1. Are there any pairs, at least 6 apart or on different chains, whose C-beta atoms fall under 6 Å, with the first in region 140-156 and at negative phi and the second modelled with pLDDT of 70 or more and of a type in the set (D, E, K, R), and if so, which?
2. Report yes if some residue within region 79-88 is basic (K, R) and outside any helix (DSSP H, G or I); otherwise report no.
3. With respect to the numbered conditions (1) more than 18 Å from C164 (Cβ to Cβ); (2) modelled with pLDDT under 85, which one is the sole condition not fulfilled by F83?
4. Just give me the residues in region 34-44 being assigned to a loop (DSSP other than H, G, I, E, B) and surrounded by fewer than 15 Cβ atoms within 10 Å (Cβ to Cβ), in sequence order.
5. With at pLDDT 85 or above and under 21 Å from V180 (Cα atoms) as the only criterion, which of S241, S251, S279 stands out?
6. Please indicate, with yes or no, whether at least one residue in region 45-52 is in the same structural domain as T285 (by TED's automatic domain parsing), free of Cβ contacts under 8 Å to residues at least 40 places away in the same chain and outside any loop (DSSP other than H, G, I, E, B).
7. Look at region 88-143 and say how many of its residues are of a type in the set (S, T, N, Q) and at pLDDT 80 or above.
8. Out of the residues in region 251-283 meeting the condition of being among the polar types (S, T, N, Q) and surrounded by fewer than 21 Cβ atoms within 10 Å (Cβ to Cβ), tell me which one is nearest to A206 (Cα to Cα).
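The values are calculated or read from the model by the stated rules, or taken from the named source; none is laboratory data. The shown structure was predicted, so the numbers you read here are calculated from the model rather than taken from an experiment. Because the Cβ atoms are built from the backbone with ideal geometry, glycine has one as well, and the counts that use them run over all protein chains shown.
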Amino acid sequence: MTSSHSSPDVRHPLLLIGGLMLLGLLLTLALWMKTLPLSQLPAAIFTPDSHVMGQLLFHYATLPRLFVALLAGAGFSLAGLLFQQTLRNPMADPTTFGVSAGAQLMLTLATVWAPWLLRAGQETVALIGGLLAVIPIILSAFRPSSTPQKLTLSGLMLTLYAGCVANVIALFGGNDLQDVFIWGSGSLNQNSWQVVFFLLPRVAIALLLSLLMLRVMNTFSVNETSAKSLGVSVNRVRTISLLLGSALCASVVSVTGVIGFVGMAAPTLTRLAGARRFSQQLLWTPIMGAALLLFTDQLSQWSAYYGAEVSTGTLTALMGAPLLLWLIPRLKKHTLPLLATTVNAGTARRRSACLFIPASLLLLILFILSVIYGRLPTRWAFTDGQTLLSLLPLRAPRSLAALAAGGMLGAAGVLIQRLTANPMSSPELLGISSGATLGVMLAMLLLSSTSTGVLMVGAVAGSALALIGMLLTARKSAFSAEKILLAGIALSTIISAMTSLMMTSITPQVQVLQDWLAGSTYRILPTQAVTLAVIAMVLIAASFLTHRWLLMLSLSDEVSRATGINIYLARSVIILLIALLTAAATLLIGPLSFVGLMAPHMARMSGLHRPALQLGGAVLIGAAILLLADWAGRNILYPQQLPAGLLATFIGGPYYLLLMRKQ
């Protein structure tokens with residue numbers, strides 16, 4: 001009996017929600033008293049004097065912003081809860097299905113090529129884009145063969161595509177896209193009650209419909225087989241739930257911009273704070289999201305009051321991620337449903353290892369072609385003789401670096417997806433890429449230099465610090481797979497938010513940074529390319545030595561221990577390998593979001609299910625994708641060039657979707 005009071009554990013979500021809401025309201029009241037005398041508050045709330053500017057600003061700007069923060073937080077978090085429950089994945093959120101990316105792409109297209117569309121209003125354009133983006137996913141949910149895994153990965157693919165198209169347009173859009181960038185940072189500034197009246201009925205209707213679906217949604221907490229045995233039409237319920245969450249998210253995003261962390265953090269924080277049943281989560285998650293967004297928006301307003309304005313979207317990530325880190329050690333085992341990535345071996349014939357010989361030869365041929373064939377000033381041509389000798393120092397290092405980086409990211413993707421048993425895992429989620437990015441930005445800011453040496457030092461330091469933080473967090477969580485994943489997301493979110501916060505401070509170097517962030521091989525030197533290739537061979541070889549650990553860890557901890565595996569040692573070594581593979585590729589190429597995420601799935605869908613075979617397939621596929629992307633980026637718009645990181649999605653995506661359709 002006494003043991004239940006011996007540890008200061010979080011027992012009820014009301015404790016955390018109440019604390020956040022109380023802090024938010026106190027900050028709100030304090031700010032009101034700073035901007036308006038207390039005696040004028042009642043009049044400013046109900047009947048503002050048109051001759052008193054302070055009262056007008058309070059009634060039409062400050063007060064609506066308070067309600068928009070509450071409604072938007074509730075809307076984002078409710079949509080996130082519907083996605084996570086339907087897909088049985090704690091990493092699912094409104095951005096998973098491309099709602100935010102679709103809205104931003106539509107605004108980008110309208111701004112650059114069809115500005116007349118903006119006459120209908122920026123919010124209308126964003127709403128249409130967000131809804132159009134999810135239509136393919138909603139339609140695929142009707143298919144009998146649809147599964148949470150396929151829908152999740154299709155949504156991620158759609159998000160990557162939309163983001164890549166927007167980034168390519170942004171490279172040529174110039175200053176015309178400044179308003180889109182501001183919208184994308186997430187802001188709750190208001191000048192009327194229009195947005196409140198827009199959001200209130202939509203959030204209320206979505207909550208009501210979710211309550212009506214409570215009984216059938218509860219069945220998703222177990223598994224689909226149990227749900228079907230109870231007479232639930234799984235595909236129909238999944239489609240309705242995803243459509244409801246997507247429509248709600250699109251409505252909120254259209255008026256607030258991209259505020260991405262609330263939709264994932266609020267449901268997760270609610271579960272970690274004690275809400276175990278879906279009925280409890282449905283009650284407390286919207287309130288958690290409202291409290292989280294209110295608190296962070298008040299911090300944003302206070303920062304603006306003191307002359308250092310920070311967007312609400314950035315501060316939401318900076319505040320929500322530490323809360324998640326604090327609660328992760330208190331997470332009870334198996335409270336979060338994870339989506340397995342293993343596939344029944346009987347569903348597809350396993351490919352023989354001898355297939356790797358012709359595949360490797362094909363990759364070698366592609367490498368040679370990427371060096372000797374391409375655009376010249378006047379034509380496409382094979383190069384030889386003196387022309388080849390002059391172009392070789394320019395082409396060969398880039399091709400070799402792309403080959404090595406793609407292979408390392410493919411290997412890292414297999415390791416992390418096997419380790420966490422989650423198909424949405426990618427090397428970037430451990431925060432290593434984000435740490436390298438932050439290091440590069442700090443080097444630019446502090447040293448005012450864009451030289452390769454300075455960027456390398458910054459990237460190494462940032463990656464090392466992120467790795468140390470990841471290992472310390474994982475060690476405190478006993479290297480639990482789900483806790484490693486959540487800790488990596490939190491660390492990556494914090495670093496990414498800090499990066500966004502610093503973007504305005506390094507304006508002269510923005511173009512260099514954009515090239516690096518997009519995944520560019522522009523500045524690779526021959527010695528760097530050779531070094532990267534050697535590192536890749538060593539780390540990939542070391543990854544193959546973990547194949548037995550990967551096979552056993554994908555089953556259960558008990559089976560692993562029974563076979564004599566030291567789980568802590570195995571997981572720590574795998575985490576270290578993931579970090580080194582990701583950091584080595586990121587240092588020179590920049591952060592890439594596609595290769596490490598999708599290459600393992602392409603290998604698995606090609607029939608390579610066992611860890612060693614999947615690892616080899618992912619290495620070859622990742623290397624081929626990035627090699628082709630680098631070659632296309634050099635030649636398609638010659639003499640202009642496109643970053644390989646952006647084109648990798650366009651090259652690998654169709655192949656991935658084709659494989660998924662065949663299954």
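1. A141/R238; P148/R88
2. yes
3. Among (1) more than 18 Å from C164 (Cβ to Cβ); (2) modelled with pLDDT under 85, F83 violates only (2).
4. Once the filter is applied, which keeps residues that are assigned to a loop (DSSP other than H, G, I, E, B) and surrounded by fewer than 15 Cβ atoms within 10 Å (Cβ to Cβ), region 34-44 yields only P37.
5. Result of the check over S241, S251, S279: S251.
6. Residues of region 45-52 in the same structural domain as T285 (by TED's automatic domain parsing): 45-52.
Narrowing further to those that are free of Cβ contacts under 8 Å to residues at least 40 places away in the same chain: 45-52.
In the following step, the residues that additionally are outside any loop (DSSP other than H, G, I, E, B) were identified as 45-46.
Scanning region 45-52, I find at least one residue that is in the same structural domain as T285 (by TED's automatic domain parsing), free of Cβ contacts under 8 Å to residues at least 40 places away in the same chain and outside any loop (DSSP other than H, G, I, E, B), so the answer is yes.
7. Just the residues of region 88-143 that are of a type in the set (S, T, N, Q), to begin with: 89, 95-96, 100, 104, 108, 111, 122, 124, 140.
Next, from what is left, pick out any that are at pLDDT 80 or above: 100, 104, 108, 111, 124.
Selection size over region 88-143: 5.
8. The qualifying residue nearest to A206 (Cα to Cα) is S279.
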